[in-house]
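Notes for the one structure printed next.
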Amino acid sequence: MRTLAFSDAAFLYNETLRTPMHIASVQRLRLPEGMHVELFTDALRQQIKSRLHLVPYLTERLVETPMQLDHPSFATVREVNLGRHIHHVNADAPGDQAALESAVARLHATAMDRERPLWEMVVVGGLADGRAAIYSRVHHCCIDGIAGQEATRLLYDDKLQVRGAPAERTLNETQHPAISIVHAFENFAHFGEERWRAMPEMYRSSVKVLETLSQSARQWNGGLNLAPATRLNRPVGSNRAVAFGEIPLSELKAVGKTVKATLNDVVLAICGGGLRSLLMRNASLPEESLLAGCPVSLRRTGDTTLNNQVSMMRVALGTHLANPVARLLYVKEASRHARHLTLDAFGLMPRTLALPGLPAAARLASFWNDWMATGDQALPTPVNVVISNVPGPSEVLCPAGAEMETHWPVSIPAHGLGVNITVQSYAGKLFLGITACARTLPEPGILRDAILAALTELKSASQPLSASVHPLPLITEEVVKNPDRQAAQGQPRELSDAA
């Protein structure tokens, strides 16, 4: 059996009926000629059956440690009933994009059965033009975004040379509970030793973090302050709403090139523009910039382990700036400072975390938070929204012979974080997924359209810059504090280290 790390198990501890902790993706498919949904579902089962041994979470189920002394373990099951894991439903008429989004929202709102392996694939039929879709979800305790992309490639690539399955592995049902308790105390001892050895590095990291928080992080990303309160930061309900879109990857790269910004900077800037537009619709935009929590991969190059290896950095989205290019420059600088802070804090992040009774205490805290999260008031949160950018497969995939046309992400809203924005690339395109609490944002398509409009606005505003005719002057402190004035002052100004 394999004991989960705290970074994996935390998603189990934080899960409630209102906050299920699974992540998903949606692939729209062009089915082979003459193949209907039932036949495709059968073919998909056969393909996944031949690859069960390639992706460990497909054949693993949770086993709790007695008295919840330590984190749960994964044990391999003897047989997986693919009929329970892969099935099909039909979208409502007329089978358009809205019908697909509605079907996915219903599927995503339900928690997963912990008595069997924590994954599911639902083939959605009844779509326009004879298309179908796969809604594929996995509990977040099994994988992070990067690991999910590797699993997608392994399962859907029809060119993959699949090796023969290894000898059958069985679940050890007879392991005595006392053995699990002994292993738990061994983990506690190992954790204590590791923390003792890491103390010098922790000290150095804490000094760096305190210096950064007192200087650049306070100026650019709020320091230790909480995020400004918005209507997006309320307790969530159990229903979900989703919206999907596609962002031209080449246009994002072209815009970023004009000011030497990264693709991630441009994504954050247009998300900031979309959120600014959304909140201005009912005059609820805070004066301070909204803050985004952005997952950062801690994986070494080439590491394809299927688990969670992420941290989180906090980045200001420049929503207080009206000019789209000024917003991009602001995000570029805020992101740079956030990355430095994340690197400085790396030594403070325990690779493992094992303490007696930690699982029980974490679950109790989660249920208490869920019970207290009532009403309609904004909750104090360190960020306003989670925005993820996940690199996906570069090659075209063909699950069970069908052409995979899209790769939309679906993620997790939580109490105080009622909206999640994720983009992931696939075959040279960038796919946008907005997952929201249906009470917080019942029509996430409005935010999707606002983000796409923000890209159009940014492209238009950055065109004179790409010609290199006029240099970028400095964004002064007055411009940052009075953003609406700078919209009439021409092009935004170059960020300086002293700004």
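Every number in this text was worked out from the coordinates using simple rules, so none of it is lab data. None of the values given here were measured: they were computed from a predicted structure. Virtual Cβ from ideal backbone geometry, glycine too; neighbours counted across all protein chains shown.
Of note:
- Count Lys and Arg as plus one, Asp and Glu as minus one, and take only other residues whose Cβ is under 15 Å from that of Q27; the net charge is then -2.
- Amide hydrogen neighbours beyond the local backbone of T65, cut-off 5 Å, H modeled: D70, S73
- As a length-normalised measure over Cα pairs under 8 Å and 6 or more apart, the relative contact order of segment 2-182 settles at 33 percent.
- More than 11 Å apart - percent of Cα-Cα pairs taken over segment 33-72: 72 percent
- Panel order for K260, K332, by other beta carbons found within 10 Å of each beta carbon, from fewest to most: K260, K332.
- Length added when fully stretched, M280-A111, from 0.36 nm per residue minus Cα-Cα: 57.4 nm
- Among beta bridges that DSSP assigns inside segment 2-182, antiparallel share in %, nearest 5: 80 percent
- Cβ-derived FRET efficiency at R0 30 Å, S238 paired with L364, nearest 0.05: 0.90
- Dipole of segment 389-467 [Lys/Arg +1, Asp/Glu -1 at C-beta], most positive-end residue of I434, V390, L417: L417
- Each 5 Å bin from zero holds the following percent of Cα-Cα pairs in segment 2-182: 1, 7, 15, 18, 19, 16, 11, 6, 4, 2, 1, 0.
- Per-residue ³J(HN,Hα) for segment 136-143, Karplus 6.51 cos²θ - 1.76 cosθ + 1.60, θ = phi - 60°, Hz, x for Gly and Pro: 10, 10, 9, 5, 5, 5, 8, 8
- Sorted ascending by nearby beta carbons within 10 Å, beginning with the fewest, S335, S102 become S102, S335.
- Zone of R439's modelled label, taken as backbone nitrogen in segment 360-376 under 19 Å from a point 7 Å along Cα→Cβ: 366-376
- Rounded, prolate or oblate (a/c below 1.5 giving rounded, otherwise prolate when a/b exceeds b/c) for segment 1-81 by Cα gyration tensor: prolate
- Residues K159, K429 arranged by fewest to most Cβ contacts within 10 Å: K159, K429
- Between amide H atoms placed 1.01 Å from N, distances below 5 Å from V390 occur with V423, Q424, S425, all of them 5 or more places distant or on a separate chain.
- Taking each residue as 0.36 nm, the span from A98 to S460 lengthens on full extension beyond its C-alpha to C-alpha distance by 127.4 nm.
- For I86, distant residues with modelled amide H under 5 Å away: M121
- Take 120-128, 408-416 and order them by the average number of nearby Cβ atoms within 10 Å per residue, most first; the result is 408-416, 120-128.
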